[in-house]
Amino acid sequence: MIKVFAPAKINLALHVMGQRANGYHLLDMLVGFADVGDWITLVKDHGDGDSMLRLTGPEAGALSNGPNIITQVADRFATQQLSIWLEKNLPVASGIGGGSADAAATYRGILALTGRQAGADDAANLLEIGADVPMCVTAQPARVRGIGEDILPLPNMAPLHVVLVNPRVPISTPMVFRALIQKQNSEISALPQNLDDAGVFIDWLAAQRNDLQNPALGLAPQIGAALTALKGAVLARMSGSGATCFGIYETAGDAKTAANELRNKHPDWWVTPALLNGPPKVAPVWVLHHS
């Protein structure tokens, strides 16, 4: 049995650079990974049928046990049937890469469980399953371009204390992209030399954008309420296509205090403090249990 952590992926910046004829959008993104996330447990079964997925966790009610991105990874990369347990702690379809992180954790778990080596075509196959999956396999800060295939790891990116807030409003990623009128925008500006300096990094980050934030606000005004509610944050922005927003705070104590206040004021929201870009729980594949 192997248990693998699937960290939330936060889009610190997301610039839309264009759109291909096949509909895929060209992006320039800065992503970080949090110390909150889901868990994937994998067990080898005696059989050669499809792998079975079981769901637990506080956010599992929004999912079904049928085929999904996790079982796609298992069916493509596992050489035998697996039992898979997903402990779902992250809100579904919330702009923090939960499904992609789960798929990536399943892939990492399969490699560790079976001893299989990563193949030359694995990255392309994972990209076909989901554009965010390859970046979630590395699970480290990165600048990501194209449709998700061009990944530049940034291991020296400063750790950030954040509060993640989701106002529990459903939002469709395709609808957000359709609502984006200008799809030819400027790229992320040149990265600062000292990414490990939190103050310098945050100042630089404030000059970047999430080009999907305004279209998402037009579809779900509750996102604006979430951004406003992140009082005391040195920077607040939406992640991905929403509706999760993040606020960056100076200290872990400030983030924890802000999260507690938000939970009291908005008990129906999903709220959690988190550390972005901190040391991984274990390196390099974040496998936390093996027996």
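The values are calculated or read from the model by the stated rules, or taken from the named source; none is laboratory data. Since this is a predicted model, take the numbers as computed values, not measurements. All Cβ positions, glycine included, derive from the backbone under ideal geometry; neighbour counts span all protein chains shown. Protein only, heavy atoms only, side chains kept; ligands, DNA and RNA dropped before computing areas. Shrake-Rupley method; radii C 1.70, N 1.55, O 1.52, S 1.80 Å.
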Next item on the list: Might you check whether a residue that is surrounded by 14 or more Cβ atoms within 10 Å (Cβ to Cβ), modelled with pLDDT of 95 or more, closer than 24 Å to residue 269 by Cβ and not basic (Lys, Arg) occurs anywhere in the range 16-27?
Entry: no
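Rundown of residues vs (1) among the polar types (S, T, N, Q); (2) part of a strand (DSSP E or B); (3) open to solvent by less than 20 Å² (accessible area, probe 1.4 Å), yes/no style:
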| site | (1), (2), (3) |
| --- | --- |
| 29 | no, yes, yes |
| 33 | no, yes, yes |
| 36 | no, yes, no |
| 55 | no, yes, no |
| 64 | yes, no, no |
| 67 | no, no, no |
| 71 | yes, no, yes |
Check: If you scan the range 199-214, which residues turn out to be free of Cβ contacts under 8 Å to residues at least 24 places away in the same chain, loosely packed, with under 14 Cβ neighbours inside 10 Å and assigned to a helix (DSSP H, G or I)?
Finding: 199, 203
Check: Any idea which residue in the range 215-270 is surrounded by the most Cβ atoms within 10 Å (Cβ to Cβ), counting only those that are more than 20 Å from the chain's Cα centre (by Cα) and either β-branched (Val, Ile, Thr) or part of a strand (DSSP E or B) (or both)?
Finding: 234
Check: How do the helices (runs of 4 or more DSSP H) wholly within the range 96-144 filter down when requiring 3 or more residues that are open to solvent by less than 20 Å² (accessible area, probe 1.4 Å) and touching a Lys or Arg at 6+ places or on another chain (Cβ under 8 Å): which remain?
Finding: 98-114
Item checked: Hits in the range 148-198 (condition: part of a loop (DSSP other than H, G, I, E, B), in contact with a Ser or Thr (Cβ under 8 Å, 6 or more places away or on another chain) and open to solvent by less than 20 Å² (accessible area, probe 1.4 Å)) -> none
